[in-house]
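Trainee: Please read through the structure below; I'll follow up with questions.
Laboratory data are not the source of any read-out in this text; all were calculated from the coordinates shown. Keep in mind the model is a prediction, meaning the values are calculated, not measured. We place every Cβ from the backbone using ideal geometry, glycine too, and count neighbours over all the protein chains shown.
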Amino acid sequence: MAIIKLALKSLYNRRATALLTVFAIAVSVSLLLGVERVRTQAKESFANTISGTDLIIGARTGPVQLLLYSVFRIGNATNNISWQSYEDIANQKSVKWTVPLSLGDSHRGYRVLGTNTDYFKHYQFGQSQSLQFSHGKPFNTLFEAVVGTEVAKKLGYNIGDKIVIAHGAGSTSFTKHDQMPFTITGILAPTSTPVDKTVHVSLPAIEAIHLGWNNGAPPIAGSVDNSQIDIDTLQPKVITAALVGLTSKIKVFQLQRSINQYKQEPLQAIIPGVALHELWSMMGIAEQALVVISGFVVASGLLGMLTMILASLNERRREMAILRAVGARPLQIFLLMISEAGILALAGALLGVITLFSMLLIAQPLLQDQFGILITVSALTLYEWQLLGLVLVSGLAIGVVPSIRAYRMSLADGMTIRV
């Protein structure tokens, strides 16, 4: 305990350089833990986006691409699938439920999803959590819409507000379906998934807003009379993708193989969990690179501590000599230097954890709003504690170098005045 008190007093006398060293270690520790937390929770956030769905069906493309545009609203489909093929698959004996998805339009930068009310019954996220309404109810008539919580929050929408859908999925569109506005009838509860950033309308509504369009060109003003639209005739010809739930998990691979060999048109069925695993396998190199970079940053912080302690040894020659003169043994000098290194590493680690949680509190809403990733401010995990322990052990190990040098200093060398 006396050695610790002496080490604290010694560091206080050199508080300027000691604080800089602690700050450098804190920055490296917060970066290391921050990268680890973002990496793991980004995985969890992606994995929790969809659950309870056995297969996702779309046009033949890469499994990851199909997963990204159908579930995460990232990118666009290379092709659509016909409604006839969708009904053929939906009528299979092994199929318990299906949910059609039609993408391609947007509203002020947010994706518009055409579907049916089964979407609100069968779509699940997280640990098999179903969608809930914070306000209102599902769409019922033709020009009604249900918006995600982020859409309502960011754009200030309430039940009963009118919105206009734009043609195309870009953030800016010069072609809008303003002749057919939608009324918001429901606002979904937060899910921390792309559902929060989606405007949901019915499949007949998607067909209605495109009546009179010819090869991507909008209809002539007044050529389509909204009052004359018959909802029963608005049968979709194509959809973008479909979610499928089966009566038995055993039949997943059998139906997947059947869809992949579908003769009427080139289709593909993917298992969401397998596609997610493939996605993270592709991202594995980037993950490893981030971890390695974080490790180098921690190493640079600890090397800075080593440099500081070594540089101070020449200035502390008389201090060491006086300690030896009053009876301090070489082992005590060794323990003093080790203690200083340990205190610096511990203080840097603690400050790094405090910095991490402060940054998470600030960045959490930004990450959720911009990227849909929820980073929880929770207690350190076992692996994060292990990383902190590794930093502390490394700090003590690095402190051995100056400790050995101080240990070898002789009393005569310490009292010698060098010109």
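Trainee: Give a residue-ordered list of calculated ³J(HN,Hα) values for the stretch 51-60 (Karplus: 6.51 cos²θ - 1.76 cosθ + 1.60, θ = phi - 60°; whole Hz; x for Gly, Pro).
Mentor: Listing the rounded values in order: 8, x, 9, 7, 9, 10, 10, x, 5, 5 Hz.
Trainee: With each label point set 7 Å from Cα along the Cα-Cβ vector, what nm distance links residue 400 and residue 61?
Mentor: Label at residue 400, label at residue 61, 5.5 nm between them.
Trainee: Write down the radius of gyration of the stretch 233-320 and its Dmax, each obtained from C-alpha positions, in Å.
Mentor: 29.2, 96
Trainee: Does anything in the stretch 14-50 have its amide N under 19 Å from the 7 Å Cα→Cβ label point of residue 359, and if so which residues?
Mentor: 20-43
Trainee: Can you give the translational diffusion coefficient of the stretch 55-270 in µm²/s, computed by Stokes-Einstein from the Kirkwood radius over Cα pairs at 37 °C and 0.692 mPa s?
Mentor: 183 µm²/s
Trainee: What is the distance, in nm, between label points placed 7 Å from the Cα along the Cα-to-Cβ direction at residue 288 and at residue 366?
Mentor: About 3.1 nm, to one decimal.
Trainee: Mind listing the phi-derived Karplus ³J(HN,Hα) values for the stretch 184-194, rounded to whole Hz, using 6.51, -1.76 and 1.60 with θ = phi - 60°, and x for any glycine or proline?
Mentor: Working through the residues one at a time gives 6, 10, x, 10, 6, 6, x, 10, 6, 10, x Hz.
Trainee: Normalised by the number of residues in the stretch 55-270, what is the relative contact order in percent for Cα pairs under 8 Å and 6+ residues apart?
Mentor: 33 percent
Trainee: For residue 76 paired with residue 261, estimate the spin-label separation in nm (one decimal), with each label point 7 Å from Cα along the Cα-to-Cβ line.
Mentor: The two pseudo-label positions are separated by 3.4 nm.
Trainee: For the stretch 333-348, take each phi angle, set θ = phi - 60°, evaluate the Karplus expression 6.51 cos²θ - 1.76 cosθ + 1.60, and give the result in whole Hz per residue in order, putting x for glycine and proline.
Mentor: Each residue of the stretch 333-348 in turn: 4, 4, 5, 4, 5, 4, 4, 4, 5, x, 5, 4, 5, 5, 4, x Hz.
Trainee: I would also like to ask the following. Using the beta-carbon distance between residue 51 and residue 183 and R0 = 35 Å, what value does 1/(1 + (r/R0)^6) give for FRET efficiency, to the nearest 0.05?
Mentor: Details: r = 31 Å, r/R0 = 0.89.
The value I calculate is 0.70.
Trainee: Round to the nearest 0.05 the FRET efficiency obtained for residue 310 and residue 278 when R0 = 56 Å and r is the Cβ-Cβ distance. List each step's numbers first, then the result.
Mentor: On the way: r = 49 Å, r/R0 = 0.87.
That gives a FRET efficiency of 0.70.
Trainee: For a Förster distance of 60 Å, can you work out the FRET efficiency between the beta-carbons of residue 134 and residue 17, rounded to the nearest 0.05?
Mentor: According to the calculation, E is roughly 0.65.
Trainee: So, one more: List the residues, sorted by chain then number, that are 5 or more residues from residue 49 or on another chain and whose placed amide H is less than 5 Å from its amide H.
Mentor: 126
Trainee: Which net charge results for the neighbourhood of residue 251, defined as the other residues with beta-carbon distances under 11 angstrom from its beta-carbon, given Lys and Arg at +1 and Asp and Glu at -1?
Mentor: Within the 11 Å Cβ shell, the charges total +3.
Trainee: Return the whole-Å distance between the Cα centroid of the stretch 57-76 and the Cα centroid of the stretch 239-282.
Mentor: 11 Å
Trainee: State the antiparallel share, in %, of DSSP beta bridges confined to the chain, rounding to the nearest 5.
Mentor: Among the beta bridges of the chain, antiparallel pairing accounts for roughly 80 percent.
Trainee: Could I ask something else about it? Report, as a whole number in µm² per second, the diffusion coefficient that Stokes-Einstein gives for the stretch 52-127 at 37 °C and 0.692 mPa s using the Kirkwood radius over alpha carbon pairs. Before the final figure, lay out the partial values.
Mentor: Values: Rh = 13.6 Å.
Calculated translational D: 241 µm²/s.
Trainee: Greater than 32 Å separation of Cα atoms is the criterion. Which listed pairs, 93/197; 162/263; 93/121; 43/176, meet it?
Mentor: 93/197; 162/263; 43/176
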